[in-house]
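Bear in mind these aren't lab numbers, they're just calculated from the coordinates by the rules spelled out. Bear in mind that the values here come from a model prediction, so they are computed numbers and not experimental data. Every residue, glycine as well, gets a Cβ built from its backbone with ideal geometry; the counts of neighbours run over all protein chains shown.
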Amino acid sequence: MSEAVIAVALVWVAASGTAVVLTRDPLRQAFVAGFFGLGLAFLYLSLQAGDVALSQIVVGAIALPLIVLLSLAKVRKGRE
Amino acid sequence: MSRRARLVLFTAAAAALAVTLGAGLAGLPSFGGQITSYARILNELAPRQRHVTDVVSAITFDYRGIDTLFEEFILLGAVAGISVLLRPLSDETRQLPQDKAPDRTIPPPSPAVWLLAVLLSSLLVLTGLETITHGTLTPGGGFQGGVILASAIYVVFLGTNYATVERFQPAPLLEASDGVGASGYVFIGLLGLLAGASFLSNVVGLGVTGNPISGGTIPLLNLVVGVEVAGGFVILASEFLDQTAVIRTRRR
């Protein structure tokens, strides 16, 4: 059973990681990267690393998208 | 360097990397395999020696506390660096956005968004405090709880506007909390020296295993790290937010 959960998590991480690279628009990439981060957190949780999973969630779901989105907003404002 | 010479250099370097990386990977324990002896020893010792139920906390804040000290200063350095980088430059000026059409009616945020922001921000504060204070018992601790606390401010911004968020983040208090959190770690470390043991020794009473206040210096360190991380992440967000909302290029 736990092998199946880990396998799902690994496939999820591999697929979403590839999707992040293949997405070319930075705005969409930020969202896809969020799904990738969620997959990583799920993988850590399935490997019973609760502390690491929590750190991954707060960095991948809060800190990273926020900084990417605010930077994009600044760049677009400069272009107008 | 000619194209051919570069190719030769790359092939040699790539081959050397492949060999060393392959040898290193072959020496790793198998995936999901047996627990290493270090982990087994700590699993056995940490609850008895440090009276904690989350062994990871005991490792990051006690057995390997000095590593966490350096990581904390890396975060402090990063936040200070971003503050310096994102200051108003000589050709930029701080100016709150002006309403060019004050007569138009601005639709207020929908009640659903407002309600969600109120509920989520208070829940996030509660979850953040819970994560920081229960670091010795359950997964989580100062770092994770600090970021969760800071994210409550982001939710306030999403539900309201820039002016409201400004009221929640007085700059002197934020900068002070970042510095106090970072230096607090050092001061708690010095307690060990004062007690005649080594730096960062766990010299405070350990308490009863399973109680919220147990584990000696571990919950104290969690607390100061939480204060530092929460302050640092709010500073980070407000610096980036200032760039988009307040700082603009000076007209010539």
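A few notes on this one:
- Put a plus charge on the Cβ of each Lys and Arg, a minus charge on the Cβ of each Asp and Glu, and nothing anywhere else: the dipole of chain B about its Cα centre is then about 920 debye.
- The mean of 1/r over all distinct Cα pairs in chain B, once inverted, gives the Kirkwood hydrodynamic radius of 22.0 Å.
- Top positive-direction residue, dipole computed over region A:2-79 with Cβ charges, set A:V8, A:A33, A:T23: A:T23
- Rounded Å value of the spacing that divides the Cα centres of region A:14-80 and region B:37-87: 24
- For region A:2-79, a crude dipole built from +1 on the beta carbon of Lys and Arg and -1 on the beta carbon of Asp and Glu, taken about the Cα centre, is about 660 debye to the nearest 20.
- Axis angle, to the nearest 10 degrees, between helix B:217-245 and the longest C-alpha principal axis of chain B: 30 degrees.
- Shielding by other protein chains, A:50-59, mean Cβ within 10 Å: 6
- Taking the convex hull of the alpha carbon positions in region A:2-79 and averaging its projected area over all directions gives 5.0 nm².
- Projected label points at B:R104 and B:L158, each 7 Å from Cα along the beta carbon direction, are separated by 2.5 nanometres.
- Neighbour-count order for B:L17, B:L236, A:L64, fewest beta carbons within 10 angstrom listed first: B:L17, A:L64, B:L236
- Ordering B:Y185, B:Y63 by the number of other Cβ atoms within 10 Å of each residue's own Cβ, fewest first, gives B:Y63, B:Y185.
- Kirkwood Rh and Cα Rg combined as Rg/Rh, the protein assembly as shown: 1.03
- Between region B:179-252 and region B:11-29, the Cα center-to-center distance that results, in Å: 39
- Ranking of A:F42, B:F31, B:F143 by count of other Cβ atoms within 10 Å, fewest first: B:F31, A:F42, B:F143
- Among B:I66, B:G22, B:N43 the positive-end extreme of the charge dipole of region B:1-71 (Cβ point charges): B:G22
- This model, with +1 at the C-beta of Lys and Arg and -1 at the C-beta of Asp and Glu, gives region B:1-69 a dipole about its Cα centre of some 460 debye.
- D_trans [Stokes-Einstein, Kirkwood Rh over alpha-carbon pairs] for region B:92-188, 20 °C, 1.002 mPa s, µm² s⁻¹: 134
- Lys/Arg +1, Asp/Glu -1 at C-beta; chain B dipole; positive extreme among B:L158, B:F168, B:S57: B:L158
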